[in-house]
Structures are given as C-alpha cells and as structure tokens.
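Worksheet for the structure shown next.
Any read-out appearing in this document is the output of simple, stated calculations on the displayed coordinates, not a laboratory observation. This one's a predicted model, so the numbers in the text were calculated from it and none came from an experiment. Glycine gets a Cβ as well: all are built from the backbone with ideal geometry, and neighbour counts include every protein chain shown.
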Amino acid sequence: MRTDIDFKNYTDSDYEALSSFLIALNEKDDSHINWNWARLEWMIEHPEFDKRLKNSIGLWTVDDKIVGAAIYDMYFGEGFCGVLPEYKDLYPAVLEYACKELKDDSGFGLAICDENVDEIEMAKSLGLTPSDQDEAIMERSLSDALEAKLPDGLKFFCPDPVENAYELQWLFWQGFDHGEDKAEFEREEEIVPRVRKHFNKDLGVAAVNEKGEMVACCLLWYMAGTDYVYVEPVCTIPAYRGKGVAKAVIHEALGRAKTLGAARAYVISDMEFYERLGFRKKHHYSFFWKKDSYGTEVN
C-alpha cells in the first residue's frame, strides 16, 4: 500500500468528509451511485441502524482527505467498499478490512457493479464468491415536463421529519405493508424524530386526504453542487394504490428538485412501476460474499 495513505476509524466529526467522499466517488463515474451521500444520510439516522458500531467504519485518508471507505449497511454483515479512481490499488485493502471488521456470524457481503471488472476480480482474489442476490439502479432524466395532478380530494403536503415524525412513521408502517392496526403500530414502533443535516423537507412530498391523513409520500435527497437526486423512500397506503397518487407525489417532488438544479434522479429498484414513470435501468449490481471461518455463506 502507498505510504502516504493513513487509516482511521470513523467518528461523528468525519461525517461531512465521508459525504464529500461519496459525492466525489460518483462525480465522473456513477457506477457506485448505489452508495451515495444521501443513502448514508438516510441510513445513519434510520431506526434500524446500529449506531453503537459506527466507529467500525474504516476510512483511508491522504492529507486528511478521504480516498477510501468501508461502510456497513444498517448492521454488520453487508456494506460498501469504495476508493477514488486514482487510488484503485487501495481497493483490496479496503475490502479485506470490511471482510474482517464488518462481518457478522455468516461473513460479509457487498454489491459490485457488473461494469467494475477490476473490483470483481479483486474481490474474487480475496475469496469472495458471487451469489444470486442482486440489485439495480434506475435513472430518469428531468429534462421533460413533470405533470403532478392528484386525484380529487387530495392535496400536496411537505411533512417535517421532526414535527410530523408520528404521522410519517404511521404512513411508512402502512405503506410498507405492516398492517393497519394503529394500536399494534404504537406498541411496536418507537417514535423518534430523525434530524438529518442535509435533508430539504421541501423535497419531501406527501398526499393528504380530506381528513388530513397522509396516504402517500416520496422523499428526495439533493445536495447543492451535484446534479442528481436520490429517491428514498416512496410508499402509498393500500387503500390509495392504483389511483395515480404515487406518480403525482413523485413528479411533484422531482419537479421541485429540477428547479434547484437536479438534472436526473436515481432510485434503487428494478420495478416496472418506475419504468412507467420514465426511469430506465442504468446499472446492475451482483452481490459477492466472504464466508466466515466456519464455512457458512450468506445467501
């Protein structure tokens, strides 16, 4: 490894530098866009993210600038490894660290873009093997007109993740098919307002019915100085599906992002739903796994 590279474990003071690294990583080549600053910001305040482990995130720096990172995803056992293009010879060391320090009882796995042949070969040389698991990134240009008409009786609303924390979590509970029993929701869910430093609540668009209840939502993530937005999450409660509500909130949110300078949008998905909204498949990622010392492999 080059002698000018230093290693450190992540601390909260490194958050901005890590975000800048992820922006720089995708600046000229978006093959790592499945991991971007917005995914980090969404994840690190997600209720399922285990903050007790975050100091295990590995950072490689040159003159205090992050040039490589190994990040776990919610829990140990799966994550991301990336290096800036001019430091590609560092990738095996980053991946080796992740396999050792970010593994769970089964091992460690990560998604690698099929186009990044060098990364795939380096992963295989370290004993990682491909699996049937995969994911895809879809992209949509924002150059065309974005019509956003809601069905009668609904209106747009920008939820505040702090002030409307209960309402948002109740929407997500229903929208991600956990059921419609509010008593169960209140027993199971801890309502914690999520403060995310760079989140622009004006880009989070919900549809509200005549009772003032949120029935669908699309949150977008945009950073000034970049030309893209990241879509996460989108959901609609069962009773309002198939009525064009999700399309309307997505188009309304994308239109707002366009006025801020976004030229395209990304979403981690391969759903036909997004194709109908003008998204097209951009990158495909295959998962590679490193077995633990007992020979068990994650599937």
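Taking region 155-262 as the region of interest, the number of lysine pairs whose Cα atoms are within less than 30 Å, with members eight or more places apart or on different chains, is 22.
Annotation for region 1-71: trypsin sites (Lys or Arg not before Pro) lying in DSSP loop with at most 11 further Cβ atoms inside 10 Å of their Cβ are Arg2, Lys28. Here the calculated FRET efficiency for Leu260 and Gln133, from their Cβ-Cβ distance with R0 = 25 Å, stands at 0.10, rounded to the nearest 0.05. Count Lys and Arg as plus one, Asp and Glu as minus one, and take only other residues whose Cβ is under 12 Å from that of Asp144; the net charge is then +2. The slack in the chain from Lys100 to Ser20, taken as 0.36 nm per residue of separation less the alpha-carbon distance, amounts to 26.3 nm. What lysines could a cross-link reach from Lys100, if we take a straight Cα to Cα line under 28 Å and drop same-chain neighbours fewer than 8 places away? Answer for Lys100, where 28 Å is the Cα cut-off: Lys8, Lys51, Lys54, Lys65, Lys88, Lys124, Lys290, Lys291, listed by chain and number. A simple charge model with +1 on the Cβ of Lys and Arg, -1 on the Cβ of Asp and Glu and nothing else charged puts the dipole of region 155-262 at about 540 debye relative to its Cα centre. As a proxy for reagent exposure, Thr11, Thr259, Thr226 were ordered by neighbouring Cβ count within 10 angstrom, fewest first; the result is Thr259, Thr11, Thr226. Remark: the chain carries a charge dipole of roughly 660 debye about the Cα centre, counting +1 on each Lys and Arg Cβ and -1 on each Asp and Glu Cβ. Cα centroid separation, region 231-295 to region 59-131: 24 Å.
Average projected area of the Cα convex hull of the chain, in nm²? Answer in nm², one decimal: 16.3. Of the residues Lys182, Lys247, the one with the fewest other Cβ atoms within 10 Å heads the list, and the complete ranking is Lys182, Lys247. Available extension along the chain between Asp144 and Tyr75 is 20.9 nm, counting 0.36 nm per residue and deducting the alpha carbon span.
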